[in-house]
Structures are given as structure tokens and as C-alpha cells.
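Accompanying notes for the structure given below.
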Amino acid sequence: MENLIAPLIAAPLLGAAVLLCGGRRLDRAGHWIGTVLAGASFVIGVLLFADLLGRGAEDRTLHQHLFSWIPVGSFRADIAFQLDQLSMTFVLLITGVGTLIHIYSIGYMEHDERRRRFFGYLNLFLAAMLLLVLADNYLLLYMGWEGVGLASYLLIGFWQHKPSAATAAKKAFLVNRVGDLGLSIAIMLMFTTFGTFAFGPVLGAAGDASEGKLTAIGLMLLLAACGKSAQVPLQSWLGDAMEGPTPVSALIHAATMVTAGVYLITRSGAIFNGAPDAQLVVVVVGAVTLLFGAIVGCAKDDIKKALAGSTMSQIGYMILAAGLGPIGYVFAIMHLVTHGFFKAGLFLGAGSVMHGMNDEVDMRKYGGLRKYMPVTFVTFGLGYLAIIGFPGLSGFFSKDKIIEAAFAKGGTEGWILGGVALLGAAITAFYMTRVMLMTFFGEERWRGRETASPAEPSAEPAAEERGRHAEPHPHESPKSMTIPMVVLAFGSVFAGGLFSFGDSFVRWLEPVTGYAHGHPPISAAAVTTATVVALVIGVAVAWLMYGRVPVPVTAPRGSLLTRAARRDLLQDDFNHVVLVRGGEHLTRSLVYVDHTLVDGVVNGTAASFGGLSGRLRKLQNGYARSYAVTMFGGTAVLIAATLLMRAV
Amino acid sequence: MNPVYYLYLASLLFTIGAAGVLIRRNAIVLFMCVELMLNACNLAFVTFARMHGNLDGQIIAFFTMVVAAAEVVVGLAIIVSVFRSRHSASVDDASLMKL
């Protein structure tokens, strides 16, 4: 069965190659080729999953060695894959959600003349992401890591004719580069410490390495995770990444790629277990981002940006759980999978709403859409209930476990982390209820109003064909778009319960990540009760603010915090003042040093030699007899020196 | 007779030759002074050969004579051609090789 691992990656890679090199003659069939190959990858994934299930729990790791990539002395880089329970979980999520989003995109991108290219990029993304999770060493993982970064860049900037999209793509690429630097340094440190970077030997020998080295590697891995997963302080790109087409936001910037950081930390669990300091930093980053993203999500009127803030916050939960060590790894991945379902569903719902509303993204110009888009309303609603953690739905099981594990960290830290996680749950309930109320309930604020004012160019070029300035006529989206939403809604509802039933998910992942049952200082039932209370408070506050009173069409000025949150809590301003300005000053001072000191030394040397030779040149006067004098003089000096040396 | 006297004579001849090279301008005279220096060296070589009782110095003196003869041929040819083109045998007039 292990021979099936390579085809798993090869199928979407082939799709990308065919679609991107095939040219215009594939325009009419391109989307089918892309979707079928993504589906083929999913089918192979399911076959492998069935095979793994048929084996014993300890025997569920498959290896496939394709070839030796760079063998130089003791340095060995192989193209080799490893499929274990953790990779398998990701493979099913990536190919499953990926295939659904391919199907959705058929309808969503119908009017885009570059649809073939779009599907090529999506397939490229799938191949790179599968490579990332299936690699059996850190170098190959790095290749996939860069591959998804490239695909993300191409897809964020897919509507490159819009300057905002082109800028957002560049921003995402540059911010990610900072994180990638962390990953490459971590790999170099691994090589000097362990002499290899294959998962097996590195993670097996992690216990023997010094804590200082493990901490250094762990912090560098965390930097990488922060970049890819949009965690503080490298979070600024995710909000702008919403410039990309909505299916991209759903697949890459919600369900799969942004969770790569969680995968990296969980995969490197053995390293983090030996470095408590690094783990503490991971936990702090997770907790800070959890609140940061949630607060940003509360203030955004752009439906996609609100969801982006939410994604940031939910990944904060996962990073927090992954930082807790063996009591949290399993739940980080569990939340990752359930989040993959409901967040992808929510994004697809948002895309469906935009599709029916002439690509308007401002929720203040929505309202009362539940009558016009029943399927979108129900699927979005189920995703909404799942993300806020409504008892019985997916998000409830996974988030509750994370909050419980946070309390179980123990001591003051445990109380702080648990409190932050609870507060985050309340804010999540608040902003998601806000999105829900503003979009589907209340009065129809779009009546008699042109959407997408010319000052803000429409998000989708297709809108121009449909008449940008007309009053929108909300309508349900085509079947190709609603079916994936329905499937994801099923996942949002049932996945959590399925995973928790008999602790099946814990038992499935335990051989890879390890599991220790955490004992919170208060009972599990109390934690659950607190979670539900937080949820109710959040929903109630949101209803008081956005359900009971009508929503103003133009945003009120708001408090200082609201205005800061609308500007992403001043993250871009901070980056501008500290990094951009600081960088400019640094560059200027370096240029000054270069011009005065470096150039001064070089030019000074040249000038002094020039002057010296100008003087020496005078000795060459053309008179043979003066040369003869020099010769005699020189000979006399040599003889005198020789005699003198003899005498001494 | 004490061979040292020959050495005194050789150094005297060499000094006269060297002074001539440095002081005189006429190329022919300068040339004769060079010959004088070469012959002073020959005398010193022969004297040393006598003092040390081997023939090395004598042989080198012969070599020096051959080289001197060759040098005279080349040197005179140059002097004659310079004189033909510039109508002067002064070495200071031929000072074109400079920056």
C-alpha cells in the first residue's frame, strides 16, 4: 500500500502541470480536469485510510522512499514519504475539503475567463500541502512549506489587475518569508545537533540533546509556525489575504495552509517536550493571538475579514493546545479538523452570499437574507453554531477539550490560560453572532442601494458583467456551490461527536503525538458549564447590540478600541513605524557608513598610490647617466650593507 | 711582488671608469670608460686567481673579454645610428624615453 503515497501527491501535481502548461485549448475542460484529479487524490487517501484502519495501532506508519535527492558525505536528503496517523488526518482533510472547494469553484468562478489557471493553482496548492504533511524529513517538509507559500501568493493575487490584491499577495509572501527563515534556521540547527533532519532520528534523539539547543530549535520552529499560521507577531498578512477569491480563503486561509504551523509544532512534539521554555512561548503566542484575532473579528464590517479574524483566533486555540504538550496535541489536531469543516463552510457561505449580492462584502449592506438564500442560511447557521461551540456540535467538543487542557496546565498559568480561553470563547460567540445577525436577520438594508461603490472596486470582476450599480437581487447559488456547503455543514455538525465518541480520535492519534490525560483543578463538568455560560453571554451581548436594535448602514465612530480593532489593532501601523521606518533609518545609516567609511578607505588607498606613483614617475627622466648614478648608489648601499652585516 | 698592489690598481682603474661614465657626456668616451671598468674587473679576477691558486678567475676574465667584444659591436652600432639620425653623440640629448 505504501506505493500509493506518491500517486497521492502526483495526481494534483499532474493536474497543475497540465492546466498551467496546457494553454487555452484546455479552457473548456480545465475545471473538470482539476476537480477530477483532486477527487482522485481523495480516493487514494481513503484507500490508504482503510488500509491503516486494518492494521494494529502500532503498525500504522507507512514509508515510501522514492530516491536519494542530495547525498553528500554525511548529508543525506531523500525524497521519502511517511504516512502515519497524523499525516493521514491531514491528507483526508486536505483532499476532502480541497475536492469540495474545487467543486464549489466550478460555480463560483464560472464567469472568470482565467478559471483554468485558477484550478491549476488550486491543484498546485494541494500537491504542495500534501508534500508538506507527507514528507519524512524536515527538508522535504520545507519544500512543501515553500510550495504552499507560492500557491498562496499566486491565489491571493489571482485578480492581479486590482492593486489591492497584488499588494496583499506581496505582503503575504514577505511576511511568510520571515517565518520561513525560522524554519530554515531550525533545520540547520537540527543538522548540527543531530547530524540529520529526518523525522525518525531527530525526534528519536531529541531527548538526548541539551535543553538549550532544543529551546533554540523550538523557538525557530515557532517563528515558522507564526508566519504560516498568522500568529502574533506575524499575523498581519491574513486579513489582507482575503483579497483572493473566496474559495481560496476557505481552502488555504482557513482550513488547511494556515494550520501548517500547528502541524509543524505537533510533529515536532518531541523537541518541544524537551524545551519547557519554548513551550511557554508557544502557549503565550497562542493565547495572545486567540484574543487578538477575536477582538479584530468583532470590529470588522467586511464579512470575509471578520471571518479572517476568527480564523486567526481559532488557530490561536490550536497553537495554545499544541504548546501544552502531550495533554494538548491531540485536541489541537482535533480542533484543527473540526475548524477545517466549519470555517471552510462559513467561508463558502460568505462566498455564496457575496455571489448573490453583487460581490458586496460590507455586512452593513446585508440584512434579512435568510428568506432569499435558505440553503446558505442553514449551512452557514450550522457552521456558526459549530464555531461558537453550541453543545453537541463539532466546535463544542474540540474547543471544550482545549479549554479543559488549558486549565490542566496547572498553577497560576493554568488559571490564566483557561481564563483567556474562556474569554476567547465568549468573544467568539459575540462576533459570530454579530456576523450572523447582520447578514441573515434584521431589515433588508440593501434595498434601494447600489452595492460596491466605485470608490471600492468590486471584489469579483464578474460583477461588472452583472451590473455593479444596480440594486442587488439576492438569490440562492447554483447546486455546484450549495452541495459542498451542505457536505461541510454535515462535517461541522457531526465530526466533533464522532471524534469524541469513545475517545476514538485520541486513540487514533496517540501513537504518534503521545497523550497524557490532563487533570484540571476544577472538574470537567465545571469547565463545560463555564464554556456554555461564556457562550450564552457572548450571544446575548451580540443580540442586544445587533439584534434588538437596527444596524446602522454607515458604521458609527465607535470607541477607541473599536477604531483600533478596525485597523487590525494597529498591527500595520506598528509594523510601519517600527519595521518600515526602522528599516529605512538603518538602511540610510548603512549607506552613510558605506559612503564615508568603506568608500573612504578604498578611495583613500587608490589616491595615496596615485600620488606616490606621480612622485616616483619624476625619477624616470630619460637621462642614462642619472640611471647610472642610481645604479652605482644602489650597488654601493648593497655592498656597504653586506660588509656591515659581515662585521656584525 | 705583493698581489695586493694589482688589486689597488684594479680599484683605481674601476673608479676612473665609473667617474667617467657619470661625468662625461660623449657616448664614445662613456663607452671607453665602461671598457675601463670591465678591464679593471678582469685584472681583479686574474689577481684573485693568482692569490687562490686556481684558474676560475682566469676563465671568467676570458668570458668577460668575449662579452665586452660583443657589447662593443652592438654599442657602437647603436651610437653610429643615433649619430646619423640626430647629429649628436651626446647621451644627454638622447633623453626621449621618459614620461
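The numbers here are math on the coordinates, done by the rules we state, and not lab data. The model shown is predicted, which means the values in this text are computed figures rather than measured ones. Note that each Cβ is placed from the backbone with ideal geometry, even for glycine, and that neighbours are counted across all protein chains shown.
Put in order of Cβ neighbour count within 10 Å, fewest first, the listed residues B:Met65, A:Met432, A:Met481 become B:Met65, A:Met481, A:Met432. Note on the stretch A:1-156: with charges restricted to the Cβ of Lys and Arg (+1) and Asp and Glu (-1), its dipole about the Cα centre is near 580 debye. Taking Cα centre as origin and charging only the Cβ of basic (Lys, Arg, +1) and acidic (Asp, Glu, -1) residues, the dipole magnitude of chain A rounds to 1560 debye. Helix A:479-500 and the long axis of chain A differ in direction by around 90°, with both axes built from C-alpha atoms. A Förster distance of 35 Å, applied to the separation of the beta-carbon atoms of A:Ser613 and B:Ser88, puts the FRET efficiency at 0.65. Ordering A:Val533, A:Trp415, A:Val435 by Cα displacement along the dipole of chain A toward the positive end leaves A:Val435 in first place; charges were set at the Cβ atoms of Lys, Arg (+1) and Asp, Glu (-1). Its residues counted as N, the stretch A:296-412 yields a C-alpha radius of gyration over 2.2 N^0.38 Å of 1.18. Cα extents for chain B along the principal axes, largest to smallest and rounded to whole angstrom: 50, 25, 24. Placing unit charges on the Cβ atoms only, positive for Lys and Arg and negative for Asp and Glu, gives the stretch A:80-124 a dipole magnitude near 160 debye about its Cα centre.
When shorter helices are ignored and each DSSP H run of at least 4 residues is given -39500 (n - 2.57), the per-residue value for chain A at 222 nm works out to -22500 deg cm²/dmol.
Size descriptors for the protein assembly as shown: radius of gyration and Dmax over Cα atoms are 42.2, 142 Å.
Look at the alpha carbon pairs under 8 Å that are at least 6 residues apart: their mean separation over the length of the stretch A:128-171 gives a relative contact order of 27 percent.
Once the mean 1/r over all distinct Cα pairs of the stretch A:504-648 is inverted, what Kirkwood radius in angstroms do you read off? Its Kirkwood hydrodynamic radius stands at 26.9 Å. Only aspartates and glutamates eight or more places from A:Lys399 in sequence, or on another chain, were considered; those with a Cα closer than 20 Å are A:Glu413, A:Asp503, A:Glu510. Structure note, pairs A:Lys170/A:Lys304; A:Lys171/A:Lys213; A:Lys300/A:Lys343; A:Lys170/A:Lys300; A:Lys213/A:Lys343: Cα-Cα distances above 26 angstrom occur for A:Lys171/A:Lys213; A:Lys213/A:Lys343. Report the Cα centroid-to-centroid distance between the stretch A:116-145 and the stretch A:1-48 in angstrom, as an integer. Computed from Cα coordinates, the inter-centre distance equals 13 Å.
Length available on full extension from A:Ser184 to A:Asp59: 0.36 nm per residue minus the Cα-Cα distance, which gives 41.9 nm. For the pair the stretch A:521-568 and the stretch A:403-441, the centres of their Cα atoms are 10 angstrom apart.
Between the listed residues A:Thr379, A:Leu348, A:Ala321, the Cα displaced farthest toward the positive end of the dipole of the stretch A:270-381, a dipole computed from Cβ unit charges relative to the Cα centre, is found at A:Thr379. In chain A, Cα pairs under 8 Å separated by at least six residues give a relative contact order of 12 percent.
Among all the aspartates and glutamates, which ones have a C-alpha under 16 Å from B:Lys98's C-alpha, if same-chain residues fewer than 8 places away are not counted? Excluding near neighbours in sequence, the set is empty. Bridgeable aspartates and glutamates around A:Lys365 (alpha carbons under 18 Å apart, same-chain partners fewer than 8 residues away excluded): A:Asp301, A:Asp302, A:Glu443, A:Glu444, A:Glu450, A:Glu456, A:Glu460, A:Glu471, A:Glu476.
Listing A:His31, A:His111 from fewest to most neighbouring C-beta atoms within 10 Å gives A:His111, A:His31.
Relative contact order for chain B: 27 percent, from Cα pairs under 8 Å spaced at least 6 residues apart, divided by residue count.
Each of A:Ser236, A:Ser268, A:Ser313, B:Ser90 has some number of other Cβ atoms within 10 Å of its Cβ, and from fewest to most they run B:Ser90, A:Ser236, A:Ser313, A:Ser268.
Along chain A, the exposed loop sites are GluC sites (Glu not before Pro) outside DSSP states H, G, I, E and B with at most 11 other Cβ atoms within 10 Å, and the longest stretch free of them is A:114-442.
The slack between A:Met545 and A:His475, meaning 0.36 nm per residue of separation minus the straight C-alpha distance, is 22.4 nm.
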